[in-house]
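Working notes for the structure below.
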Amino acid sequence: MRPARYLYLTTIPDQNSELIKSETDTLVGAIPNPLGIAISGKRVDVSRGAYVKMCVDIIFEGEHISEIINQIKDIRLNVEGFRVSVTKRPRKLKNDSQAIANQVGAAIGGNPNLDQPSIIFLVLVTEKKIYFGKVSSESDGRWYQHKQRPHSTSSSLPTRLARTIVNLTANPSNNILDPCCGTGTILLEAASMGIKIFGCDNNYKMVEATRQNLAHYDLRGEINLDDATKVRGKFDAVITDLPYGITLTSNETQEREIMQNIRNLAPKATFIAIRDLTMDLLDLDYHIQQHIRAKKHTITRQIFVTETNQ
């Protein structure tokens, strides 16, 4: 019997292809191709994905849609309340998506339900192969909803980036600390995944902004006024966007003091900065697992996923 295979659709890699590849590899153990398609031997719930959009249980694959239709008929597939969706990669393919959906739907026994389907079948059309499968999970897209949070600043992380960084660092069973939480973008994404969150900032206005952002989405966390160079506690991971000013300048002495303190708080730490932290991290005995650059407008952020051997 052929081993089960699962297809993952991601955002088509763009200027942030490093982020897309890293999140996909971390979550599902496979790297997407240039079309944003990854194939893995394991099924993963991708509801918390930022760039990973969908998991599909592959049922059939072939070179032509007629092969897919014949295979569906051969097994007498019968489902009540289904819907057929069609995706083309690349989108410029000339195949008629509606015609394909109609043909595949006609081959499936049972009555469709386009508005509230009990099951969604996906037909993925590429230049060389067509996949047919059942959608088992999709990204909940909460990062997009969080763009409307009550409080943010000009230097706040984009919510999609924050969600990706949380996915690179922590699991839903973890507890995390953000010791420079600002308005709480990282904590908001983590809490929405079910991660237990702790945060602090040395600016009381930021502490209150984080609390209000969390409350706006009915999320909970422990947020306190504290100094990132002195905060104490034990956590599964620390994730923080190191502070910098509106002129995109950072205080390297302060950053080093923060990193030195965080070294004692968790076995894993992820730092976001606007400069290369490599030498500082190595000097402080961090082990760099990933170094990723994320570009947004005029800012290129550098992300360092590290371990501390605690």
In nm, give the distance between the simple-model label positions of Ala4 and Ser154, each being 7 Å from the Cα along the Cα-to-Cβ direction. 5.1
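Express in nm, to one decimal, how much length is gained between Lys295 and Arg91 on full extension, taking 0.36 nm for each residue of separation and deducting their alpha carbon distance. Please list the in-between numbers first.
Values: separation 204, 0.36 × 204 = 73.44 nm, distance 2.45 nm.
Separation in residues times 0.36 nm, less the Cα-Cα distance, equals 71.0 nm.
As a test of the formula, what do you get for the chain when each DSSP H run with n ≥ 4 contributes -39,500 (n - 2.57) and the sum is divided by the residue count, at 222 nm and rounded to the nearest 500 deg cm²/dmol?
Details: 9 runs with 86 residues, N = 310.
Per the formula, -8000 deg cm²/dmol.
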Mind ranking 185-194, 257-266 by how tightly packed they are, going by the mean number of other C-beta atoms within 10 angstrom, highest first? 185-194, 257-266
For Ser66 and Tyr217, FRET efficiency with R0 = 30 Å and r from the beta-carbon atoms, rounded to 0.05? 0.05
Pairs Lys21/Lys196; Lys42/Lys134; Lys94/Lys128; Lys21/Lys134: which exceed 19 Å Cα-Cα? Lys21/Lys196; Lys21/Lys134
Could you give each residue of segment 289-301 its phi-based ³J(HN,Hα) in whole Hz, using Karplus coefficients 6.51, -1.76, 1.60 with θ = phi - 60°, and x for Gly or Pro? 8, 9, 10, 10, 10, 10, 9, 9, 6, 8, 9, 10, 8
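Please give the FRET efficiency for Lys42 paired with Tyr204, using the beta carbon to beta carbon distance and R0 = 51 Å, rounded to the nearest 0.05. Could you put the intermediate results ahead of the total?
Values: r = 45 Å, r/R0 = 0.89.
The formula returns an efficiency of 0.70 here.
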Between 0 and 90°, nearest 10: helix 252-262 axis offset from the chain longest Cα axis: 70
Less than 11 Å Cβ to Cβ from Arg43, Lys/Arg counted +1 and Asp/Glu -1: what total charge do the surrounding residues give? +1
Per-residue HN-Hα couplings for segment 97-112 [Karplus 6.51, -1.76, 1.60; θ = phi - 60°; Hz; x = Gly/Pro]: 4, 5, 5, 5, 4, 5, 5, 5, x, 5, 7, 8, x, x, 9, x
If the label point sits 7 Å along Cα→Cβ of Lys230, residues of segment 169-187 with amide N under 17 Å come out as 179-181
Give the label of the value calculated from the structure for Cα Rg over 2.2 N^0.38 Å, choosing from (i) 1.14; (ii) 1.46; (iii) 0.96. (i)
Determine the share of segment 1-138's accessible area contributed by carbon and sulfur atoms, expressed in whole percent, with a 1.4 angstrom probe. 46
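How much net charge surrounds Ala162 when only other residues with a Cβ under 14 Å from its Cβ are counted (Lys, Arg +1; Asp, Glu -1)?
Working: positive: Arg48, Arg142, Lys147, Arg149, Arg160, Arg163, Lys296, Arg301; negative: Glu23, Asp178, Glu189, Asp241.
Charge balance in the 14 Å sphere: +4.
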Provide the net charge surrounding Lys128, with neighbours chosen by a C-beta distance below 12 Å and charges set as Lys +1, Arg +1, Asp -1, Glu -1. -1
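Could you do me a favour and compute the accessible area per residue for the chain, 1.4 Å probe, result in Å²? If you can, show how the numbers build up before the last one.
Details: 15080 Å² over 310 residues.
Heavy-atom accessible area per residue stands at 49 Å².
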Can you tell me how much longer the chain between Ile120 and Glu252 gets when fully stretched, taken as 0.36 nm per residue apart minus their C-alpha distance, in nm with one decimal? 42.4 nm
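The values are calculated or read from the model by the stated rules, or taken from the named source; none is laboratory data. Just so you know, these numbers come straight off a predicted model, no measurement behind them. Using ideal geometry, Cβ is built from the backbone for each residue, glycine included, and neighbour counts are taken over all protein chains shown. Side chains included, ligands, DNA and RNA excluded: accessible areas come from the protein's heavy atoms. Shrake-Rupley method; radii C 1.70, N 1.55, O 1.52, S 1.80 Å.
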